[in-house]
Structure formats: structure tokens, C-alpha cells
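One structure is given below, encoded as C-alpha cells.
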Amino acid sequence: MAQPLVGYLLVAAILFSVGLAGALTRRNAIVVLIGIELMLNAANLNLIAFWRYGPHPEALTGMMFAIFSIAVAAAEAAVGLGLVISIHRHAQTTDLDQMNRMKG
Amino acid sequence: MIQEETVFTLRESTSAIVGILWLIPALPIAASGIVAVLQQPRRKASAVLAIGSLSASLLLSLVAFGHVLVGWAQGSQVRETVNFTWLRVGTGHVDLGWVLDPLSAVMLVMVCFVGLLIFIYSTGYMANDENFTRFFCFLSLFAGAMLGVVIADSLLLLFMCWELVGLTSYLLIGFWYQKPSAAAAAKKAFLTTRVGDIFFLLGMVWLFAQTGTLLFYNGGAGSLEPLKLGILLASPAGLGLTAAGAIGLLIFAGAAGKSGQIPLHVWLPDAMEGPTPVSALIHAATMVAAGVYLVARVYPLMQAGSLTGGTTVPLTVVTWIGTLTAVFAALIAVAQNDIKRILAYSTVSQLGYMMAGLGMGGVAVGMFHLITHAFFKALLFMGAGSVIHGCHEEQDIRQMGNLKIEMPFTFLTYAVGMLALSGFPIFFSGFWSKDGILEAAQHWSVARVPFYLLVFGALLTAFYMTRQVSYVFFGTWRGHGEAHESPSVMLFPLFILAFFAMALGLIGTPAWPWFKAFLDGHAAVSGLGEPGLFALMAGSSFVVFVGLGLGWRIYGNKRVKADDLDPLERATPTVWTLLENKFYIDELYGVTVIAFYAWWAKVADWLDRCVWGGVVAGVTLLFQKSAQLSRQLDVNWVDGSFDKGCEELANSGGLLAGVQTGRVQLYLRLLALAVVLLTAILIWSSQG
Amino acid sequence: MGFPFWLIAALTVAGGMAAVLLRNLVHCALALTIAFAGLALLFLQLDAQFAGFVQILVYVGAVAILVVFAILLTRGSETPKDGGVFSKTWGAGLVIAAAIFAVLAWAVLESRPGLPHETGTHNASVQEIGTALMGRYVLPLEIVALLLTAALIGAVIVALHEKKEEAR
């Protein structure tokens, strides 16, 4: 009866891939950050799923991990979006294709 | 034939004089060396050095001669040698050394004495020449080399000095080298004697190969001593000859070149291009006598194998060539107009007499004539030099005349020399020496023809000498300007030589044949009792008088003009032309030998330029091409590969730098890709 | 598995896909919010009530709003001048993402027999969570607090610095 777990895992995998695809292909920096948030959430889903169907759910390990992940992701989103705003002020654009100052 | 006297005992011990005998040639050579490094204007120093060194050599020679004389008087035949090893090659060795015996002693004294007189004469004759110092340097070198030939006990040492003599002859004939004729004459002399020297060298090598030694006398082991002679006689050499005979002929070929026997006589008349003292010393008294001396020195070899009263092949050949040369040259001398040329051909003729004397009569006969000839021929040449000097360098006898008035002393001494050469009886040495040869010819066992030919030659000698003296000293003066007598420094040697030209006869008369006894090593026994002796003396005197009379009749005291034809020329023009042109021998040689040599030189030149040059060029081309190939390899492959490698590195660097676009998404993609790969590997490996 | 699960899953995935595919950025942000909400529901279905509510509180309530704010503040560059919203080499990115999915799916499906079964529900009460936070996980808690403080200050500084210059 591992079916439910497999389902959750697959959903998580799909979400992760979608988020990655968005991060790798979209030109707008904010959409890249959106993709990254999706990836983080997919990982959280994986954690919770394994907590629920794994051995020792009473240890709360998975749950704790997921909560802390959420907290860190929130902090990271804040800082990342602050950076994007700052870059927009400098370069008047958020187009990643044009940001190649690190070239070479 | 003089009966065989008991031969003296041989004494071979070494004495003090023999130890320093090497000084005799060494002193003049050393003087020559010192003069060579002197600077030009030192005339007095060079003359003093040359004359001084030769005087010292003369003194030593007299001491040596005295030593041998004392030995002879005591009844022993002196033959002292000093030999030493010069080269060692493996187990073989080559020795050199010198010998003191009667033959070398008389020759030493003669060469030193006549040489010294000519040296003194030269200081006067060459006084106005600017190359005075060079003259004495060469003259001294010649004297040293000639003395070396005389005392050599080794055929090799003799050959070395022989070559040195030839060299100095070349240098002195071509002394006035600016004159093309002089340079050509020097070259001709050297090359012609070279031809003879090749045969000499062959004989020397054969002798060494056969006997293992080149020493003449070496305490029983020398090549002229009975042991080695026996070996030589035992080995055959083809054409019916023994090795002794063949070697003897080869050595005689060398002597024939040096002594101007036909067919190698062509250089001697041309050698008159040199200064007159040179002609006197080298081409009358000493160098040309070296050939005769050589034959005398190796006489035991020449004589080896003959029975008593018989003869050997080499000696027969020597006799015939000598006789033919004597007559041949005398005929040519009749038709010459240059005062020195007449004397030159006379020298060739007399050398022929000497060779004939050696062949038929033995060492003493030939050597006696050599000694007397040295004195009176030197006298004649020096007298001719005096005449030339007095006539302002004129040499054509048709431009002279009546010089007995202007140059009385010269005339007096010249007359003595002329009579000696002609063989005027009793008072002149030439008579006695020539008679010795005629007597030997008369008793020769092989044939009588040489005797008649030599008598005819004597007639011709008297005839042409009378002709010469008439043209020069009698008749009317046909020259330009005034003739004058020569200075006393030139006349003084003439008188001394004239005295000896007369007095030397005393040591060779049949009444007291001291010279023969001295050389052959036995007591002097009077040969007056020989049958036919007086008949021979009377006969030869008669022949001489006929010659003198004929000459005087045709030429004597006539008033002729400079461009008048010679009476004989008017009588027999074709014969005269033949004689005047020396039987066209030179032209014959020019067409045959010289032409062949020139053709051969062309072939060699072609070979050198085209064949060897082509080989060299080919090799050079090969090297060039391989060098070019190597360079191409280096540039293209080595450098190229290295450069290409560096280029690839740079390119790859560029490629890798292309990854760093500065775009974040690319980095992300690469990261994700790496994660994919790692995860896949992890899962795969954990599965398996 | 049940129908609710598939429904919620479909909603979440659709929201996620819309979030990365839409042209209009505000629409992307709204789709992201839907995805977050869907995930919260999934958490609830997995008996992780606290996690679900935290998800809603933090993600939907804060992060999504933050994204909207950022979009609104960077309005001038919404439509790029050249090309579309996707980069020129979007194919390579797609392929890589597909590869990632392939690997993950393969891992999951391959290990299906070995995966753990349902062992019984466990309701994690808030009290338990609070005890755990203060007990076992007190250190991470404090660190996260520090981290949040630093992020707060940092974000303010990063976004504020330009403002100060603009004011001059």
C-alpha cells in the first residue's frame, strides 16, 4: 500500500521539474525566483510525505524540517526579491539575458 | 794492361778527422743559412762568410787528404766510415753516414780548392750586380751540397745532397730570373735532370729491397762489399741481367742526367744563361762531375761479376754512351758562335770522355780526367767571363777579335787552358789524362770502335778550340767600344788555375802513375815499359797537332768582318746548319716529349675539373639538399607541430572561456545537468 | 488514492505550470498563489495540519504578496523588446528539467517495492510541536530567528540603499 506515497512523490517530482524548467528558461528574474519557490515547495511536500508514511512519525523530524524550510525559504524570497528590485534600479531591466557582467 | 800490383791492406779504423768530416759540407751550408737571413746591403759580410767557410772546409779537406796520404804511404788503403741510424721503421732501419777514402779525399780537395778560387773571382765579377748577397747564399749552399755528395757513404744521403745540388743549380741558372730565357733554362735543367733522377731513385729502391741497406761500406755489410754484391749477382732481373746489372744501369741513368750524357744533355748548353762563375763552378768543374763521381763511387757494383779482362753490361753501356756523347757534342761545338756555348758543348764532350774512361779503364782513369778537366775548364770559363766582362757583356765571338793586345793576361791564361783541353803533349795535364783514356780504349776487350771515335773527338776538340781562340783573341777587333783588361781580383784565380792546369799532369804520367796508385790502393809502379805506350803518345800528339793546324789554317789571324760567313759554313752549308742547330734535338723533344706531356696535362686537368669536380659538386649538392630537407622538416614538422599544439591550447582555452558567459541561467543549467548525472550514477551504482 | 488527492494534485500542478508559462507576470504570481494553496491542502491531507497552516500563513500570506510587490515595483520591464519571455535557448533548459524529472521518477518507480507503508495516522498536536521546538529543536529555532532577523535587515538595506540615493 505504498501507492499514496508514490503519488505524492511523483507530484513532488513534477512540481520540482516544472519549477526548474521555469528557472532555466524564463528571461525575467522574478519568474526565476517563482520557479525556485516552487522547487522548495516540492521538496517540502516530499518531506511531509515521507514523515507521514515513514517509520517513526512521532519523532516529528519531517514536520520540523519542513517548517524550518518554509521559514528559510521565506527569508530567501525576501532577500532575493530585494536584490531584483535593486538590480532593476541599476540596469532598468530584469532581463536575465542582458545581465552578463560576469562574462569571461 | 798494367800488371796487377799487390793491393794494400784495408784499414777501416776511425780517426779523429773522420769524426769531424761532416763539418766540411756543414760549414758552407751554415754560412748560406746565415747569409740568407742577412739584409741585402751586407755584401762584405756575405762574401766573407762564404769564402771563409769554404776556406775552413778546404783546410779540413787538406787535413783529411793528408791523413789518407799518410795511410797510403804506410802501405794501407784507408777507408774510414762513420755510420748512424737515421730512421727506424719497425724492424727495418735506414742508415746514413760518410766515408773517407782516397776517392773522396781527392774530390774534396778539388771541389774546395776550385770552389774557393771561383768564390774569390765572383766577388769581382758580380761586384756591380745588385743581388750580390743572394748569389753568395746560393753559391755557398751549392758548395755544401756538393761536398755532401762527395763524402756520402749512404746512397740515400748522396741522393739527398744530389737533389740539393740540382736545386741550387736551378736557383743559380735562373739567377737573373727576370730574363725569360734564364727562367726557362733553369726549368729545363731541373726537369731534364729529374728524368734521370727518377731512374736513380728506382735503382736505389731496388738496391734497398734486394740488400736491405743503402750504405756503401759498413764493415762488411755495405752494399758495395762482397757479401751484398754476391746477393745482387745471384738474383736475376729479366732481359738477361742480374740485379747488379740492372741497378747499375738505373744509377747510371741518374748520372747521365746530371752529367749531360745523351739523350739528357739538352739542359747544359742552355744553362749558360747563368752568370759565368756559376758556369765555371757548376757546369764545368763540380756539379756535372757529380755524375762521373757517382759512377766511380758505385764502381764495385758496376764491375760486379766481371771476369779479369772482361766487362759487365753497365760498364759497356757507360762506355758507349760516353763515347757517342763525346763525338756528338764535339761536332756541335764546331758550329757555335757564343763563347760560353762552345765551352758548354766542350764540357759535354769531355764528360763523355770521362764516362768512357770509367767504362773502359776503371775509376782512376776517369777520375784523373775529371780532376784535370775541373781545373782547365774552370780556367777557360773564368777566362771567358773575363773576356765578356772586358767586352761589356758581349758574348758572340764574331763581335770580338784581337783581344791578345787589349787583354794580355787573360789571353795568356786562356791559351794555357785551351792547350790543356786540346791535349797538347807533355806540358799540359789534359794530354796525360786524355791519353790515359785513349790507352784504356785501345786495350778494351769488347770493341775497337770507341777508340777511333775518341781519337776523332780529340781532333775535333783541338779544332774548335783553335777556332774559338782565333775568333776571340786574333784577327781584327770587330766589337763596339773599347775592350779592357779585368781587375786583378779576377785575374789572380786565373793564374793559379793555369799553373795547376799544367802541373797536375805530373801526378798521372805513366812514369809515375801516382794518382792511379793512390786511388786503387797499391804502390806506384812505373808503366813506362808498356808496349805500345810511346806509339800511342806519339799518335795522339799527332792528332792534336793536326787539329790545331787545321784550325789555324782556316781561322787563324784572318781579317774577317763581323757578319762574314764562317768558311766551313760556306763550304758545307747543310752540314753547318745541322751542327749549328744542335742536330735539332731540342725540337725533336719539343714535338714528342713536351707535346705528350702537355696533352697529358690537359687530360689531367679535364679529369680534375669534370670528373673529380663533378663528384665534389655532386656531394656538395647532396649536402645542400639534405640540409634544405632538414630545415623543411624542422620548420614544418617540429616547429609546426609545436606551434599547432600551442594554438590548440589557446583555442581550447577560448572554448572553455566561452562557457563563462556571465549569464546566470546558463550556470544554473549546468548545475542541474551535473546533478542529473550524479544522481543517475548514484542510483545506477546502488542498484547494481 | 482517492479522487480528492488527484484533484488537488492536478490543481497544484496546473498552478505551477501556469506560474512559469504565463506571459503576464501578475498572472504568474496569482497562479503561484493557487499552487501554494494546493500544496497546503496536500499537507492537510497528509495529516500535517500545522505545516499546512504555516504554508498558508507564510507562503500565501507573505511570499506571494512579496512577489506581487516586486512585480509591481519592477513594472517598466515587463515586456521585453526582443523575442519572447523565454530565453533563446529555452530548449536546452527544458531538456535538462525533463532529465531531472526522468531521474526522479525513475528512482521513485524503481524503489516502489521498498518504500514504507502506511503505519497508522498520527496526529501531531500543536503541543507536541511546541515541545519539540523548545526542546529538541531549540538551537535551529534560535538560528532561524537570527537568520530571519538578518534577512529582514538585509532586504531592507538592499532595497533601501537606492532609495536614499534617489532622494538626493
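Every condition in (1) more than 9 Å from chain A (Cβ to nearest Cβ); (2) without any contact (Cβ under 8 Å) to a residue 40 or more places away in the chain holds for C:ALA97 except the one numbered (1). The set of residues in segment B:140-156 that are buried (at least 24 other Cβ atoms within 10 Å of the Cβ) and within 14 Å of the chain's Cα centre (by Cα) comprises B:LEU141, B:PHE142, B:ALA143, B:GLY144, B:ALA145, B:MET146, B:LEU147, B:VAL149, B:VAL150.
Set side by side, the residues B:THR193, B:THR133 differ, and just one is over 30 Å from B:ARG79 (Cβ atoms) and assigned to a helix (DSSP H, G or I), which is B:THR133. Looking for whichever is within 19 Å of A:PHE50 (Cβ to Cβ), facing chain A (nearest Cβ under 7 Å), assigned to a helix (DSSP H, G or I) and small (Gly, Ala, Ser) here; the options are C:ALA51, C:ALA62. Which one fits? The unique qualifying residue is C:ALA51.
Would you mention how many residues in segment B:632-673 are assigned to a helix (DSSP H, G or I), of a type outside the set (Phe, Trp, Tyr) and either under 60 Å from the mean Cα position of the chain (by Cα) or under 30 Å from C:LEU104 (Cβ atoms) (or both)? If you could, list the steps in order and put the result at the bottom.
Here is the first cut: in segment B:632-673, the ones assigned to a helix (DSSP H, G or I) are B:632-659, B:664-673.
Going one step further and asking which of them are of a type outside the set (Phe, Trp, Tyr), we end up with B:632-636, B:638-641, B:643-659, B:664-666, B:668-673.
Checking the rest, the ones that are also either under 60 Å from the mean Cα position of the chain (by Cα) or under 30 Å from C:LEU104 (Cβ atoms) (or both) come to B:659, B:664-666, B:668-673.
So the count comes out to 10.
Right, B:LEU172: at pLDDT 90 or above, farther than 21 Å from B:ARG79 by Cα and surrounded by 22 or more Cβ atoms within 10 Å (Cβ to Cβ) or not?
Here the answer is yes, as B:LEU172 does meet what is asked.
Could you please let me know if B:VAL99 is on the phi < 0 side of the Ramachandran plot, buried (at least 20 other Cβ atoms within 10 Å of the Cβ) and in contact (Cβ under 8 Å) with a residue 40 or more places away in the chain? Talk me through it step by step, then tell me what you get.
Working: on the phi < 0 side of the Ramachandran plot: yes; buried (at least 20 other Cβ atoms within 10 Å of the Cβ): yes; in contact (Cβ under 8 Å) with a residue 40 or more places away in the chain: yes.
Answer is yes for this residue.
Of all residue pairs spaced 6 or more apart or on separate chains, none has beta-carbon atoms under 8 Å together with a first member in segment C:146-157 that is at the interface with chain A (Cβ under 7 Å from one of its Cβ atoms) and basic (Lys, Arg) and a second member that is in a helix (DSSP H, G or I) and surrounded by 13 or more Cβ atoms within 10 Å (Cβ to Cβ). With respect to the conditions (1) within 7 Å of another protein chain (Cβ to nearest Cβ); (2) under 16 Å from the mean Cα position of the chain (by Cα), C:LEU25 falls short on a single one, namely (2). Per the conditions (1) out of contact with any helix residue (DSSP H, G or I) (no Cβ under 6 Å at 6 or more places or on another chain); (2) of a type outside the set (A, V, I, L, M, F, W, C); (3) within 25 Å of B:GLY361 (Cα to Cα), the sole criterion not satisfied by B:PRO408 is (3).
Considering every residue within segment B:577-585, establish whether at least one is surrounded by 10 or more Cβ atoms within 10 Å (Cβ to Cβ), in contact with a Phe, Trp or Tyr (Cβ under 8 Å, 6 or more places away or on another chain) and either of a type outside the set (Lys, Arg) or assigned to a helix (DSSP H, G or I) (or both). Scanning segment B:577-585, I find at least one residue that is surrounded by 10 or more Cβ atoms within 10 Å (Cβ to Cβ), in contact with a Phe, Trp or Tyr (Cβ under 8 Å, 6 or more places away or on another chain) and either of a type outside the set (Lys, Arg) or assigned to a helix (DSSP H, G or I) (or both), so the answer is yes.
For C:ALA70, are the conditions met, namely being more than 17 Å from A:VAL18 (Cβ to Cβ) and at pLDDT 90 or above?
Values: more than 17 Å from A:VAL18 (Cβ to Cβ): yes; at pLDDT 90 or above: yes.
Considered against the rule, which asks whether it is more than 17 Å from A:VAL18 (Cβ to Cβ) and at pLDDT 90 or above, C:ALA70 comes out as yes.
On the given criteria, is B:GLY219 in contact (Cβ under 8 Å) with a residue 40 or more places away in the chain, outside any helix (DSSP H, G or I) and on the phi > 0 side of the Ramachandran plot? So B:GLY219 fits the description; yes.
Close Cβ contacts (under 7 Å, 6 or more residues apart or on different chains) running from residues in segment C:108-125 that are more than 7 Å from every other protein chain (Cβ to nearest Cβ) and over 15 Å from A:ALA59 (Cβ atoms) to residues that are modelled with pLDDT of 75 or more and part of a loop (DSSP other than H, G, I, E, B) comprise C:THR121/C:ASP47.
Regarding segment B:440-449, can at least one residue be identified that is over 23 Å from B:GLN261 (Cβ atoms) and touching a helix residue (DSSP H, G or I) at 6+ places or on another chain (Cβ under 6 Å)? For segment B:440-449, residues over 23 Å from B:GLN261 (Cβ atoms) and touching a helix residue (DSSP H, G or I) at 6+ places or on another chain (Cβ under 6 Å): absent.
The values are calculated or read from the model by the stated rules, or taken from the named source; none is laboratory data. Everything numeric in this text was worked out from a predicted model, so none of it was measured. Cβ sites come from the backbone with ideal geometry, for glycine too, and all protein chains shown count toward neighbours.
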